[in-house]
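Taken together, the values in this text are just the output of simple stated rules run on the coordinates, not laboratory data. Note that the structure is a prediction, hence the values are computed from the model and not measured. Reconstructed Cβ throughout: ideal geometry from the backbone, glycine too, with neighbour counts over all protein chains shown.
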Amino acid sequence: MLHSQQFRFSLFAISLLVTFVSNHTPMDNFFWSTLVTDIIHAFMIIGLGSLAAWILISYYFKLKKQYRKAGSPVNDAITESKRITLPLRLQAYERTVLFLERIQPTNLVMRVQKPEMSVMELQLALVRTIRDEFDYNLSQQVYMSPTAWEMIKNAREESISIINRASTQLNTQDSSSSLVKAIFDISLENENLATAAALNYVKDEARLLF
């Protein structure tokens, strides 16, 4: 509608100029005819430019409407990727939480310790269990942040450190029950265990998926 009005105004202006030129002398007519020609060219350029702009804008909004209706291929691909990876990421966080629960020293000794073991045997069994379970879950780092994985590694190292520190206080041939007691004592002395901090961080990060 706006471009139609502009076009009508242009025709009206040109007709006025032509009328004006026809009422002047031949010498004047040459000057004014040249001026009118230039003005007509200018109006044509403006008109064509406006028409081209209108076509481009109309085409843009038409495409935008189609994308909203049908869905962008890029957005569809991202949505599909999230749909596929979400269960894998959830499983990774679940397995990591389970790993951290299992390697807490007080939980670990209750699961691994046997009455007939010596201090050294229990120490080796505890450390081996932590390392084996960590290696088993190594691929889970792909699905979580570097910060979360770094905290998990710190938890592993701290658990091993507590076990080794407790064992140095005892005779290697003592009963494993004495090592269990020493591990409990050291764990109780540390209010902020790395396993607890890692657990909280991993759980908070997993909640961000929803």
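Would you please give the FRET efficiency between L98 and F210, computed as 1/(1 + (r/R0)^6) with r the Cβ-Cβ distance and R0 = 25 Å, to the nearest 0.05? If you can, show how the numbers build up before the last one.
Working: r = 19 Å, r/R0 = 0.78.
After rounding to 0.05, the efficiency reads 0.80.
Quick check: residue separation of S161 and S139 times 0.36 nm, minus the Cα distance between them. What number comes out in nm?
Here the segment from S161 to S139 would lengthen by 5.6 nm.
Tell me, what is the FRET efficiency for L188 and T168 to the nearest 0.05, using R0 = 25 angstrom and their Cβ-Cβ distance as r?
That gives a FRET efficiency of 0.90.
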